[in-house]
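A.B. asks: Below: one structure in structure tokens.
The values are calculated or read from the model by the stated rules, or taken from the named source; none is laboratory data. Model, not experiment: these values are computed from the prediction. Cβ placement follows ideal geometry from the backbone for every residue including glycine, while neighbour counts extend to all protein chains displayed.
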Amino acid sequence: MPSVDARRRDPKALWRGPQAMVGLAVAILALLLIADAFGGSRVRLGGLMLAMPALAAVFAGPRAVLVICGAMLPAYVTSLAENHRLNWMDAPIAISTAVVICVAAVGAAAVREKRARQLAQSRRVTVQTQQTLLRPLPSRLGPVELSSMYLAADAESTLGGDLYACAIVDGRPRVIVGDVQGKGLSTLEVVLFTLSAFRLAAWEGVALHDLPAFLDDAVRRELVLAGDMALQRGDFTQEPEMGLRMRESFVTAIVVEVGGEGGESDEVRLVNCGHPAPFLLHDGAARELPSSKPALPIGLLGLGTDAVHVDSHRMEPGDTLLLYTDGLAEARDGAGEFYPLAERVAQRAHHPPATLLDAIRTDLRRHARLDDDVAMVTVHRSAVRPAGSTKTL
């Protein structure tokens, strides 16, 4: 709630908050009372006063509603007297009705306020959980600059199945962007397993071409262990769900690794596991980098027999890679048309990395509604490589 000093500085703040609601209600009650008093026998507006507590309960807290009820009851009794209804036949029923409405309005406002607090607490927990799972990417990682953005399709939640992370492996920056199949809290488990395996692979120095198999084995192993723990707890309702997730869960992902030893060459290597192709922004133009031989998603690698293929491209200083999840390309407008991602990225290829994601978000919100979460990461090749780097992040 704005402070008194803030409200003095901002005149519009005077029209917000419970004080404004109470003042507006009292003003309306006064107008109804005046109209009822001077409108003659044909104008009887006192009954409209009973609507004030109910309307206030929708917008104000229980204390404000109680104050409005305290102002409404005397005004309503005065209206009854003006209309010659303050007698033993009409007054008990009318006043009892007003009191019941007031009690119900205060109770409804209290319940609504309690649920609003619970929702706010749930949102805070959700944000903290997301920040724990999706650690903020550093602005710089060796020779590259990073930016990230997460857009939730559900306005009531900021947590979904999209993921991203980064690490340094043998002096080379490595970035992963992925999307867990499915929705709901069960996807968070797979997100956690995938990110943990990615960071462990960086610590152990797993080569890029071996990384998908490493992630696949780690995620499957964790799901099996989670199912075994459910059985040991005697939670037989959870074990079938674990078995179902072990059979159906998969993660589309793309992993990029910039540079040679120490990240000093102009090479960027990519492994694509069923994920949308990234865009390379070079000299104000955008070019899609489809995989020449994409691998199966993580979790489904066991269904294939081919070795994982690593694509190599030239990434010069000043170039930017845009990585994203399929929620961006699959967003639709009111007519059902897909968001023209390639066209819009090409139009914004001249944007610096710091503003590129903001520009895409603004355009996306203007064009379409989100049916799926969106994660976006830019990897910008710096012209000058800073001294020093770390093993993992």
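A.B. asks: Pick from region 285-306 the residues that are loosely packed, with under 14 Cβ neighbours inside 10 Å and in contact (Cβ under 8 Å) with a residue 40 or more places away in the chain: which of them is farthest from His275 (Cα to Cα)?
C.D. replies: Among residues in region 285-306 that are loosely packed, with under 14 Cβ neighbours inside 10 Å and in contact (Cβ under 8 Å) with a residue 40 or more places away in the chain, the one farthest from His275 (Cα to Cα) is Ala285.
A.B. asks: Hey, among Gly61, Gly70, which residue is at pLDDT 80 or above and over 19 Å from Ile95 (Cβ atoms)?
C.D. replies: Gly61
A.B. asks: One residue is enough: does region 111-126 have a residue meeting the conditions surrounded by 13 or more Cβ atoms within 10 Å (Cβ to Cβ) and either at pLDDT 80 or above or more than 30 Å from Ile176 (Cβ to Cβ) (or both)?
C.D. replies: yes
A.B. asks: Any residue in region 95-105 that is free of Cβ contacts under 8 Å to residues at least 60 places away in the same chain and not in a helix (DSSP H, G or I)?
C.D. replies: Taking every residue of region 95-105 in turn, none turns out to be free of Cβ contacts under 8 Å to residues at least 60 places away in the same chain and not in a helix (DSSP H, G or I).
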